[in-house]
Amino acid sequence: IQYCDKGIEVYSESDQLSIKDNYFFVYTSYAIQTTMNPLVTSGSGNAATRIRDNLIMGGQDGAVAVYSKGSNPIVIDNVIQSASTTDIGIYLYKCKGFRVANNYFESTSGPYAVRIVDSGTGYIGENEIGGYSNGTLIDIDATSFDINVGPNYIAVSGTEATSHVTIAA
């Protein structure tokens with residue numbers, strides 16, 4: 001999937017969805033977006049979405065490689081290499097019971113490898129994160145709770161990241 005605004009968009013309330021073995025190259029908004037339809041008020045988003053074994057490259061300014069909302073998302077075994085200084089690797093919003101593991105991140109200096117907002121009961125570990133010279137590798141906001149972080153391998157290439165893990169209080 002090349003040269004697009006959004007690569008794959010699941011914009012509804014789907015259960016037991018797998019997105020795997022895809023190659024994304026140059027996207028301007030999201031490579032993978034699994035969120036909920038704002039017109040459906042009965043649920044909270046997708047349930048048990050598995051995003052794995054994808055190669056995601058070339059995120060442009062302001063883009064997000066993986067953006068997910070819902071319960072029990074699993075983002076594992078992906079390679080995320082961006083091309084800009086303002087993109088985000090994985091952004092989880094209002095996710096419960098999530099797992100972000102065994103991913104490889106590399107960026108020219110994006111703001112976040114992993115950003116967690118208003119989410120809880122999750123695990124971020126066993127990832128290799130490198131190249132985020134002007135950013136925060138893992139950012140957890142003040143509305144998130146019960147998140148286990150680590151171990152993660154931080155690969156410094158050039159300038160050290162601004163912060164390895166930031167947890168807002």
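Couple of notes before you dig in:
- Residue in the range 59-81 that is modelled with pLDDT under 85 and open to solvent by less than 50 Å² (accessible area, probe 1.4 Å) present: no
- Any hit, the range 41-57, residues being at pLDDT below 85 and not in a loop (DSSP other than H, G, I, E, B): yes
- Scanning the range 118-128 for residues that are open to solvent by 20 Å² or more (accessible area, probe 1.4 Å) and within 15 Å of the chain's Cα centre (by Cα) turns up Asp118, Tyr123, Glu126, Glu128.
- Matching residues, the range 157-169, being among the polar types (S, T, N, Q) and open to solvent by less than 80 Å² (accessible area, probe 1.4 Å): Ser157, Ser163, Thr166
- Counted residues, the range 129-147 - those being open to solvent by less than 70 Å² (accessible area, probe 1.4 Å) and of a type in the set (Asp, Glu): 2
- Residue in the range 148-156 that is open to solvent by less than 30 Å² (accessible area, probe 1.4 Å) and not in a loop (DSSP other than H, G, I, E, B) present: yes
The values are calculated or read from the model by the stated rules, or taken from the named source; none is laboratory data. This one's a predicted model, so the numbers in the text were calculated from it and none came from an experiment. We work out accessible area using only protein heavy atoms, side chains counted, and drop any ligands, DNA or RNA first. Shrake-Rupley method; radii C 1.70, N 1.55, O 1.52, S 1.80 Å.
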